[in-house]
Amino acid sequence: MTGWWQRRSLRARLMTIGLLGLAVVQAVGSVALYVALSIASRHDLDRRAAATAQQVAELVTSDRLPDPIPVTGSESVQVVDAHGRVVSASANGDRLTSLLTLDELRRARTSPVTVPGSRLGLTSSLRVTATPVSSRPGAQVVVVAEPVADLARSRHLLIVTLLISYPLLLLVLGLVAYRVIGAALRPVEALRSAAERVSGSGHDERLPEPASRDEIRALAVTLNSMLDRLAAARDRERSFVANVAHELRSPLTSLRLQVDVATRHGADAQDRADLAAELHRLSALVEDLLVLARLDAGEALPSPDPPAEPADVLPTLVRAEAPAVLLGQLDDGTLPVSRLELERVVGNLVDNARRHARSRVELSFRRTPAGDVLAVADDGDGIPAADRERVFDRFARLDEARDRDTGGTGLGLAIVRELVRRRGGEIRLGDSEQGGLRVEILFAETGRPPERNPEAPLKRTTG
């Protein structure tokens, strides 16, 4: 049953649920209407009979009762004594035999009773009311009988009307619901058709957004936002692949030429050194690409160390190369990164500073009210404020000749920012005391997020 239900269209399911609910409501309403009208009709019948009985009783009390007793409509009236003998009757009543037995007469004094209509030669039943003329014992009793044929006909007419109008109303409401549900689902069909046409090859592929301010429009806006993100990711992927191909072309071409020269003329020490340098550059590029691929996939760098490394290991992460790295202020503290991630962050920042520094690179770690700050500064030319965000792009080149000649892959700062962001930190660029570039990594205190403004001016500190 569940499988059959799930295979139905959304319109069919909504129609079925709506019509079933409407059918139940109509059935309950029809039963309630029938019961209410039946009770109201019976009470009206009893009220008329009681009014007639009261009028006849007043005539008996005033000794002005005519013979026969005048009545209206199909009523039948008898006046009987305490023993059930007929004293007077209407023209259509029995003047010899009481309409009620003594037991029925006693019960009719408190509430109306129903007796067969054959007692008056009728086919329908009679509803009889008995009203004493006075409260004294042995007083005469006025008996009024009302045929229930009209009440039965009214009930039958109501049932027939409900049985005919019930399915017709369901049919009409079903047709209306079919059109209304179809109109409500038309934007969904438009979204489905447009989504089916999306090929992922263009920038202008968007889904139609309905004019209404409802959930369907919210869905369309969300899907369009998703398409925009996918398009941006596709563009980044294409740009990344193009940049990788471009970056790999240079070392591979150089290796090919050097191998050809070595094959033809023999390889000396310089050729072997050049080959080793190119292989190192190519290996570094491939390694950086693999790191970025892991970070883009949401993976952490493979490391057995927990993401908490003491700051006193910073001096051990700096290689002895020129220019030498000076150690500035080193406070006690713990960085929320693993050893492998810290080596990658410090190594990339120091290597980048060394390539651009004239003679000085400084590494420091400070505890501040805003959080822990790891900084690397150099005395090079620095980076203009307008270009400080662009340097985080992959394969960004602010100076083509400088970066290529000094062996940079163009991925170092991009890797650093991804690693820092994954650990809840932020990287910011500013001017160093020596006039070059100062790179700060801020790991905010727990519960205090960093201000995300990579171009914000940094406070100058002495190391």
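Throughout, read-outs are computed from the coordinates displayed, never taken from laboratory work. Keep in mind the model is a prediction, meaning the values are calculated, not measured. Cβ: placed from backbone, ideal geometry, glycine included. Neighbour counts: every protein chain shown.
Figures for the structure shown
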| read-out | value |
| --- | --- |
| Two-site label geometry, R47 and R319: point separation in nm, points 7 Å out along Cα→Cβ | 10.6 |
| Size of charge dipole - the stretch 12-153 - debye, nearest 20, with Cβ of Lys, Arg +1 and Asp, Glu -1, no other charges | 360 |
| Pair T101, L326: separation of 7 Å Cα→Cβ label points (nm) | 12.7 |
| Unit charges at the beta carbon, dipole of the stretch 12-153: most positive-side option, V86, T131, P66 | T131 |
